[in-house]
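Chemist: Got a structure here, written out as structure tokens. Questions coming.
Bear in mind these aren't lab numbers, they're just calculated from the coordinates by the rules spelled out. Worth saying up front: this structure is predicted, and the values here are computed from it rather than measured. Every residue, glycine among them, receives a Cβ derived from its backbone with ideal geometry; neighbour counts consider all protein chains shown.
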Amino acid sequence: MRIIIAGGHGKIALKLAERLKSGAVGIVRNPAHVSDVEATGAEAVVCDLERATLDEVTAIVEGADAVVFAAGAGPGSGAARKDTVDRAASVLMADAAERAGVRRFIQISSMGAGRPPRGGDEVWAAYIRAKTEAEEDLRARDLAWTILRPGRLTDEPGTGLVRLAPEVPPGAVPRDDVAAVIMALLDAPGTARRTLELVSGETPIIDLVATE
């Protein structure tokens, strides 16, 4: 498989690239991050998704088997970048996937998307709004999309045991398990056009994905 990962230097993206190795192409904004992506065995492509044209991104996506949108403005970014990265970059990647004829698209969203933001400040509200609008854009497309909403992310070692369903109680999940779930989703076409929430649980990932 050739899997394009937007936000290729993110923690989940790097863990996914480690699993895919030469099958992954990580898109990074900062040239200094290329070596970290290549250390996983993946290919790295430098492209700033906040400034790139549709033609530029389509050229990267062409010939791929799937796109994984794992980009995010990250901690410390303001409300404006939540829109330009978490929403607009997702829209750009989906536009490129459609133009390139790549139907499988997995979007990493967040629990809380699709609902009015609870608590937090203006930046948190902008983040939830951006994720919600990115989801809405993707649902309107004729793509084999799957939206994955992880709970609170941790750096604990993965257990391979999760809870995955259209709605789950709030909770945490290791980034390693999120990457493992994405790997399973890539091989599970039956999960297309589904929105799934994810937290740690008691069921093996492969068993859960097979039933979704």
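Chemist: Kindly list the residues of the stretch 140-180 that lie in the label zone of Ala210, defined by a backbone N under 12 Å from the point 7 Å along the Cα-to-C-beta vector.
Modeler: What the label zone holds, given the 12 Å backbone N cut-off, is no residue at all.
Chemist: On to the next question. Hey, of (i) 21; (ii) 16; (iii) 27, which did the structure itself give for percent of Cα pairs over 29 Å apart when calculated?
Modeler: (ii)
Chemist: Ile5's amide H: which non-local residues (gap 5+, or another chain) put their own amide H closer than 5 Å, with H modeled 1.01 Å from N in plane and none for Pro or chain starts?
Modeler: Long-range HN contacts for Ile5: Val25, Gly26, Ile27, Val68.
Chemist: Give me the distance in nm between label points sitting 7 Å out from Cα along the Cα-to-Cβ direction at Ala172 and Ala39, one decimal.
Modeler: So the label points at Ala172 and Ala39 sit 2.4 nm apart.
Chemist: Please give the per residue volume of the convex hull enclosing the alpha carbon atoms of the stretch 94-212, rounded to a whole number of Å³.
Modeler: Values: hull volume 12.7 nm³, N = 119.
Hull volume normalised by residue count: 106 Å³.
Chemist: Mean shadow of the stretch 126-166, computed from the convex hull of its alpha carbons, in nm²?
Modeler: Numbers: hull surface 16.9 nm².
Approximately 4.2 nm², given one-decimal rounding.
Chemist: Now for a separate question. What residue among Ala96, Ala188, Gly171 has its Cα farthest toward the positive end of the dipole of the stretch 61-212, where the charges are +1 on Lys, Arg and -1 on Asp, Glu, each on the Cβ?
Modeler: Ala96
Chemist: Between Asp137 and Asp187, what length comes free when the chain is fully extended (0.36 nm per residue of separation minus the Cα-Cα distance, one decimal in nm)?
Modeler: Working: separation 50, 0.36 × 50 = 18.00 nm, distance 2.35 nm.
Here the answer is 15.7 nm.
Chemist: Dipole of the stretch 1-82 (Lys/Arg Cβ +1, Asp/Glu Cβ -1, origin at the Cα centre): which of Ala24, Gly63, Gly7 lies farthest to the positive side?
Modeler: About the Cα centre, the residue reaching furthest to the positive side is Gly7.
Chemist: Which value at 222 nm does the chain reach when only helices count, each DSSP H run of 4 or more adding -39,500 (n - 2.57), with the total divided by all residues and rounded to the nearest 500 deg cm²/dmol?
Modeler: Working: 7 runs with 73 residues, N = 212.
Theoretical 222 nm ellipticity from helices: -10000 deg cm²/dmol.
Chemist: Continuing with the same structure: Based on Cβ point charges of +1 for Lys and Arg and -1 for Asp and Glu, what charge dipole magnitude is obtained for the chain about its Cα centre, in debye rounded to the nearest 20? Don't skip to the answer; put the middle values down first.
Modeler: Details: 25 positive and 31 negative charges, 55 e Å.
In debye, rounded to 20, the chain gives about 260.
Chemist: Provide the per-residue ³J(HN,Hα) series for the stretch 190-200, in order, calculated from phi with Karplus coefficients 6.51, -1.76, 1.60 and θ = phi - 60°, each as a whole number of Hz, with x at glycine and proline positions.
Modeler: x, 8, 4, 6, 10, 10, 10, 9, 9, 9, 5
Chemist: Would you pull out the residues with amide H under 5 Å of Thr203's amide H, same chain only if 5 or more places away, H placed 1.01 Å from N?
Modeler: Val162
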